[in-house]
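> Below you will find the structure I want to go over with you.
The values are calculated or read from the model by the stated rules, or taken from the named source; none is laboratory data. Not measured: the values here are computed from a predicted model. Virtual Cβ from ideal backbone geometry, glycine too; neighbours counted across all protein chains shown.
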């Protein structure tokens, strides 16, 4: 249906939720392909501003009157049924779809390289796109975060492989939309349960990955599995795990008889870099071209972002903002920070009540593992993402359990502000070296920037 509607580009396209990182890239690419595109979002965002600069007509808030007649509308998973714009197009009987079939339509137009995985897919897809671009191979890319080197999450170009323009896309499993991606190359960083609000167990997650693998096989494509993927998953799919060696102390990746110096720290990033090296080699880049990408990539926004590095009250302080919101991701952050052997203050924002409860023992296990590393732990207010506390009767006991582990809870944002003004100031006077790290996928950046503003003064 979508393919028929979009085939001759005679219908305008409207994107609801166009200020999100995923939908904004789709909107910009559609405009680039010659469609008339508009996009709206309840809040202004950097991504909405980026696509407006590209030429997409945008507005803030639900304004159905702005949607052109007979538009084909696509909406993100986060948009509720009672959204005014969704309701309006339904009343008009104009075609309206989730983003899933749009992904299928777009990816069929390209030689599509899909980067999947529970963790690391944003960094890996960005790193791969960067390596192509750094070597003047102007590909298309839709990434789930802004590259620090380019300050954008999407790229457009005409570089081709096997007769089609190349598209690198981050494939998100959270709403099963990546099952619709028509991939020629699929890479999987790891497979783990991360969305208990959507999947009940690991077997459901695996089924999603099986689907994109099958699609890739039908396209006679290539599939790459990182060593972070379990042997069990490898056996189920009858696929081999990539062969490479890592040296996290020296940031060295050994792959295909070559040694690469990797710019990003952490064992997890060495595994991510193995996928970049594998795909670029498969697509014909030279060892030197791959090396340039691995050695110079500076990362994606909100992945170990250094917001501040200065002396405050004779204390050398580093302030870091990171997206980590799963026990595995948090442990990856600590594995890097703990090397510096400095005092660390960790302010952790749980993302969704359901995830907080499901992974509580995992979170506490990670915190316990690093409790002897001179780290103080604080828990910021839970970013509920629409979930309601009254629906989770076990929440109170879970919070009590967190406090029993010696973790201080901030119930409101005002408590965090008070801590900044009082307790943190005392800590600065007592310390010589200090790392403050904010972790979370919701409003953690807001809290981190509040801290930055105070320290900057």
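> For residue 250, state whether it is surrounded by fewer than 16 Cβ atoms within 10 Å (Cβ to Cβ), assigned by TED's automatic domain parsing to the domain that holds residue 117 and under 22 Å from residue 340 (Cβ atoms).
yes
> What single numbered condition from (1) surrounded by fewer than 19 Cβ atoms within 10 Å (Cβ to Cβ); (2) under 21 Å from residue 119 (Cα atoms) fails to hold for residue 257?
All conditions are met except number (2).
> For region 388-457, give me every one of the helices (runs of 4 or more DSSP H) that falls completely inside it and has 3 or more residues that are free of Cβ contacts under 8 Å to residues at least 24 places away in the same chain, in contact with a strand residue (DSSP E or B) (Cβ under 9 Å, 6 or more places away or on another chain) and within 16 Å of residue 346 (Cα to Cα).
By residue number, no helices (runs of 4 or more DSSP H) qualify.
> Taking region 163-205 on its own, how many of its residues are assigned to a loop (DSSP other than H, G, I, E, B) and closer than 16 Å to residue 223 by Cα?
Selection size over region 163-205: 8.
> Would you mention how many residues in region 149-170 are over 17 Å from the mean Cα position of the chain (by Cα) and surrounded by fewer than 23 Cβ atoms within 10 Å (Cβ to Cβ)?
Qualifying residue count for the region: 10.
> Looking at 179, 173, 192, 206, can you tell me which residue is within 30 Å of residue 34 (Cβ to Cβ) and within 21 Å of the chain's Cα centre (by Cα)?
Within the list 179, 173, 192, 206, the selection yields 179.
> Kindly indicate which of 292, 320, 353, 279 is farther than 27 Å from residue 125 by Cα and either touching a helix residue (DSSP H, G or I) at 6+ places or on another chain (Cβ under 7 Å) or touching a residue at least 12 places away in the same chain (Cβ under 8 Å) (or both).
Only one candidate passes the filter, namely 353.
> Within region 375-418, which residues are surrounded by 14 or more Cβ atoms within 10 Å (Cβ to Cβ) and at positive phi?
Hit for region 375-418 is 385, nothing else.
> Also: Any idea which of (1) under 29 Å from residue 443 (Cβ atoms); (2) assigned to a helix (DSSP H, G or I); (3) modelled with pLDDT of 95 or more is the one residue 264 doesn't satisfy?
Result: residue 264 fails condition (2) only.
> Please work out if residue 320 is more than 25 Å from residue 367 (Cβ to Cβ), modelled with pLDDT of 95 or more and either under 24 Å from the mean Cα position of the chain (by Cα) or outside any helix (DSSP H, G or I) (or both).
In short, no.
> In region 129-148, how many residues are part of a helix (DSSP H, G or I) and surrounded by fewer than 23 Cβ atoms within 10 Å (Cβ to Cβ)?
Going through region 129-148 one residue at a time, the tally reaches 2.
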